[in-house]
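The values are calculated or read from the model by the stated rules, or taken from the named source; none is laboratory data. Keep in mind the model is a prediction, meaning the values are calculated, not measured. Positions of Cβ are generated from backbone atoms using ideal geometry, with glycine treated the same way; all protein chains shown enter the neighbour counts. Accessible surface is based on the protein model in full, side chains and every heavy atom, while ligands, DNA and RNA are left aside. Shrake-Rupley method; radii C 1.70, N 1.55, O 1.52, S 1.80 Å.
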Amino acid sequence: MKPQPLIFSASIGHGHNQAAMALQHELEKQGFQPKIIDTFYSISPVLHSCMLKSYLHLLKKKPLIWKNIYFRAEKVPLYLFLDQFARLFIRQLHHIVKHSSCSFMISTHPFVTAFLAQLKKQRQLKVPFYTVITDFVLHPAYIRPEIDAYFTIDPNVSEFARRHNVKEDLFFTMGIPIKSHMSLNKTKYDSRQRLGICENRKVLLIAGGGMGLTNYTEAITSLNTLEEPIQLLCMIGHNRRMKKEIEVIESKHDINIIEFTDDFLLYLKASDAIFSKAGGLTMAESLACETPIVIYNPVPGHEEQNAEFLINVGAAKKANNKKDIPAILKQVLYENEFSMEMRDSARKLKQPNAANNIVQRILSLLEE
């Protein structure tokens, strides 16, 4: 029986768990039995609750503070305070690794990466350690000397490695891992047939990630200025409170509220565009489906960089305020040449097989 790997994630942003599951699936195909660890919850449910609430509070109530921390940390290593905090939980983490006969570790969350790096350092573990980055732009907070390889979608690894004095051969530009799904091969027509969506009406998917963190109300009400009704697919994830808010909105458009679903890629394939913040996994899935992206209110810091990256390569447009939304969506939904250019840009950038490619590379590194 093959030694078994551990994939460490955290339920702080749903995309990190999705990336972990994509990697788990590919490892299982290779005969492994990888286990996903919800890291902070496994260490302590109280720790998990505190970190999740603190993070969400920053994003919702103090976004400029988070933005300042994120960008200032590019020059001043503020993130190393997290490493010091991690020292308090080394014993619990070591217990998890020791009692699983772990052959190698993968992290899909930067906070978790800091904790695991401290574990390797403090307990002098020889277990290979790989980090998978789920945003489009590298940040120095990802760097730890204990990491054996970095997997990213950022094509600028040479410049990043030089600037931060890290060996370039530790970086592999292979994309953001998404789960393989038969929906990726379906046409828009077939997807709509499967979902029972009107074939002759424009379809806009409004998404806020697994936690439903987007301003659905502003998006829906701003669209009343569009001349003809369209179909709105409001993907609210696990945010059931948002369902009640959407249900009382008056709109000329047909609104379909969809809670968390494993058919997200099918809905993406069925849509003419996606309206969302710029979460890494959602953006990677949108690229894989070649669905034009309209970004609104990205989380300050990492999602702002995701947005800028996607805009620069032509795969996304950004609405800077509520007034911009109708004009941009009219362009994306109704100007065929414009939307085709966005789809072409997505086609050049997408990496739907990233999970498999990352796993294959890890296995080859282990054999070296």
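Overview of values
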read-out: Rounded if a/c under 1.5, otherwise prolate or oblate - region 313-365, Cα gyration tensor axes; value: prolate
read-out: Aspartates and glutamates whose Cα lies under 14 Å from that of K120, excluding same-chain neighbours fewer than 8 positions away; value: D83, E146, D148
read-out: Rounded to the nearest 20 debye, dipole of the chain from Cβ charges on Lys, Arg, Asp, Glu; value: 1120
read-out: Shape of region 231-339, Cα gyration tensor, a/c cut at 1.5; value: rounded
read-out: Rounded accessible area per residue of the chain, 1.4 Å, Å²; value: 46
read-out: Nearby aspartates and glutamates by direct alpha-carbon distance to K75 (threshold 16 angstrom, same-chain neighbours under 8 apart not counted); value: E159
read-out: Per DSSP, loop GluC sites (Glu not before Pro) in region 1-77 with at most 16 further Cβ within 10 Å; value: E74
read-out: Euclidean distance of C-alpha centroids, region 43-82 and region 329-360, integer Å; value: 31
read-out: Rounded Å value of the spacing that divides the Cα centres of region 162-236 and region 256-297; value: 1
read-out: Helix runs (DSSP H) in the chain reaching 18 Å along axis by Cα, Kyte-Doolittle at least 0.5; value: 354-367
read-out: Ordering of 277-288, 53-64, 85-96, 198-209 by packing [mean C-beta count within 10 Å, highest first]; value: 277-288, 198-209, 85-96, 53-64
read-out: Sum of -39500 (n - 2.57) over DSSP H runs of 4+, divided by residues of the chain (222 nm, nearest 500); value: -14000 deg cm²/dmol
read-out: DSSP-assigned coil residues among trypsin sites (Lys or Arg not before Pro) in region 213-272, each with at most 14 further Cβ atoms within 10 Å; value: K252
read-out: Furthest towards positive pole of dipole, A355, F81, N256, structure part the chain, Cβ charges; value: F81
read-out: With every protein chain in place, region 129-237: carbon and sulfur % of accessible area (1.4 Å); value: 47
read-out: Unit charges on C-beta of K, R, D, E only; dipole of region 212-325, Debye; value: 280
read-out: Global geometry of region 38-182, whether rounded, prolate or oblate, following the gyration tensor of its Cα atoms and the 1.5 cut on a/c; value: rounded
read-out: Unit charges at the beta carbon, dipole of region 138-226: most positive-side option, L223, L184, T173; value: L223
read-out: Extension gain from E199 to Q92, taking 0.36 nm per residue of separation minus the Cα-Cα distance; value: 33.2 nm
